Amino acid sequence: MKQSVVTVFENTTEQEILELNKDLPTDLHLIEYEENNQFFLDAVRAYKKSDVFDIYYDRLNEKAKNNEITSFSILSIRNGYGSILPRTWEVS
């Protein structure tokens, strides 16, 4: 069963995440992807990178099937951000 993936920031920058690093949970992942040659970077909370990949792949594939986009690619999923234990982090 897939663990939940919670979006913290959509279409953000790595610089913004680094500036907020001390206020973010340690289970934060950055996923870089493209839709129709337009690049995006989202910050999401998840237990495993594979959960992030599965959710984004399914979401982008569904958009392609519905002809909302003509191409997509997941470019990278990075972790190692955040300073706060996930169980104690609260949205501010």
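The values are calculated or read from the model by the stated rules, or taken from the named source; none is laboratory data. What you are looking at is a predicted structure, and each value in this text was computed from that prediction instead of being measured. Here the Cβ positions follow ideal geometry from the backbone for every residue, glycine too, while neighbour counts run over all protein chains shown.
The figures follow:
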| read-out | value |
| --- | --- |
| Within the range 36-50, considering residues that are surrounded by fewer than 19 Cβ atoms within 10 Å (Cβ to Cβ) and of a type in the set (A, V, I, L, M, F, W, C), the one nearest to the chain's Cα centre (by Cα) | 40 |
| Unmet criterion (only one of (1) aliphatic (A, V, I, L, M); (2) part of a helix (DSSP H, G or I); (3) without any contact (Cβ under 8 Å) to a residue 40 or more places away in the chain; (4) within 13 Å of residue 29 (Cα to Cα)) for residue 43 | (2) |
| Check on residue 69, aliphatic (A, V, I, L, M) and under 13 Å from the mean Cα position of the chain (by Cα) | no |
| Residue among 90, 32 that alone is of a type in the set (Asp, Glu) and at pLDDT 95 or above | 32 |
| Top-ranked residue in the range 63-92 [being assigned to a strand (DSSP E or B) and not small (Gly, Ala, Ser); ranked as surrounded by the fewest Cβ atoms within 10 Å (Cβ to Cβ)] | 75 |
